[in-house]
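A short worksheet on the structure shown next.
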Amino acid sequence: MLNKFFLWCSGVDTELLEKCPKSEKIKYFGIGGTVLFTAIMASISGGFALFTVFKNLYVAIGFGFLWGLLIFNLDRFIVSTLKKQNSKFKEFTQILPRIILAIVIAVVIAKPLELKLFEKEINQVLQEEENQKVLQSKEVIGQQFAEDIKANNTKIDLLKDEIALKKAEVDSLYTTYITEAEGKTGTRKLGKGPVYKEKREKHDFAFNELQLLQTTNHDKILELEEANKDLKQLQIEKEAAALVVLKNSDGLLRRIKAMGKLDFLPQFFIMLLFIIIETAPIITKFLTPKGIYDYHFQNEESHVKNWAKQEETKLDQMLKSADHINKVVHENVRKNENLIKYKTEKEIEVQKTQTEAYLHKQGSIFKI
């Protein structure tokens, strides 16, 4: 059963192959195995590629299965349509487009598997890019909020400076009325005289202004600090959202670009391996000399061609005969038409002559 399945995969005519020795069966068994295992690798490759995009296992398995069937059908078609010729140049011109197609298929199959093989290195490159983009994103987002936060901080500093200036003024007035009472400055009289009272009133008035200013500015400072907290929270949220977008951008194209930054030589050898596997059946069939199966196949093909040519010749002769018969029939019909026309004219002439003679005879009788 397995032997028949592998031979079917090679696209060989099993009825013709039964007439061939065992060596021919082994050759096409190997070709069928290559076609089958290439399709399996293509299925794995396609499934992994789609899983990288959609992150859905069932979709990836379904697509991988269909992709493997497509590659299997293409490879089987390429191998089964190759025919041995009497000239190697003719064979080369025959396999050239098939080799090009096989190379394209090999590259398409190899790329997703390369992504899996170099996954750790690609992840490292992506992590470095991500870190750099996170820093750039934070810098850009920070610049968007920096001006507003700076303006609020400037307002806070101005409000604090205003309080500090007023406090310094109150402290100065306090020192003035205390030293007046002690007789150290001003009137230099010890005790609480009229000048002391005046300076004390100025201090108390300024102190009340300071308390009002502290209350008012403190509320304003709290509002500005709260506004800064909201801005910083919004900044953090935007940075987190940008990070989520960056995390979700880990797609197939980004990974292919990241792999392009790795060393080319390992990737090249992996791709070369798949190219060799994909083109192996074609190259093998091209390099091997004509086998018994090829002669049987050529013989069967010649029989079919000769039969088709004979049928075509018969059909051509039948058409020519039918055309000749039609011409003869039409010629006879045309002659018969002329004969009938001639007879009709003569009969009309005879009838006309008889009618005239009859009328003449009748006229003669009536005259008598």
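The values are calculated or read from the model by the stated rules, or taken from the named source; none is laboratory data. What you see is a predicted model, and the numbers here were worked out from it, not measured in a lab. With ideal geometry, Cβ positions are generated from the backbone for all residues, glycine too; neighbour counts draw on all protein chains shown.
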Answer residue from region 256-292, given it is in a helix (DSSP H, G or I) and small (Gly, Ala, Ser) and is modelled with the highest pLDDT among those: Ala258
Is one or more of the residues making up region 236-253 farther than 21 Å from Leu126 by Cα, without any contact (Cβ under 8 Å) to a residue 24 or more places away in the chain and part of a helix (DSSP H, G or I)? yes
Does at least one position in region 147-165 carry a residue that is surrounded by fewer than 17 Cβ atoms within 10 Å (Cβ to Cβ), modelled with pLDDT of 80 or more and among the small types (Gly, Ala, Ser)? yes
Assess whether Leu126 counts as being in a helix (DSSP H, G or I) and surrounded by 15 or more Cβ atoms within 10 Å (Cβ to Cβ). yes
Which condition number does Ala227 fail, the rest of (1) hydrophobic (A, V, I, L, M, F, W, C); (2) modelled with pLDDT under 80; (3) part of a helix (DSSP H, G or I); (4) more than 30 Å from Glu119 (Cα to Cα) being met? (2)
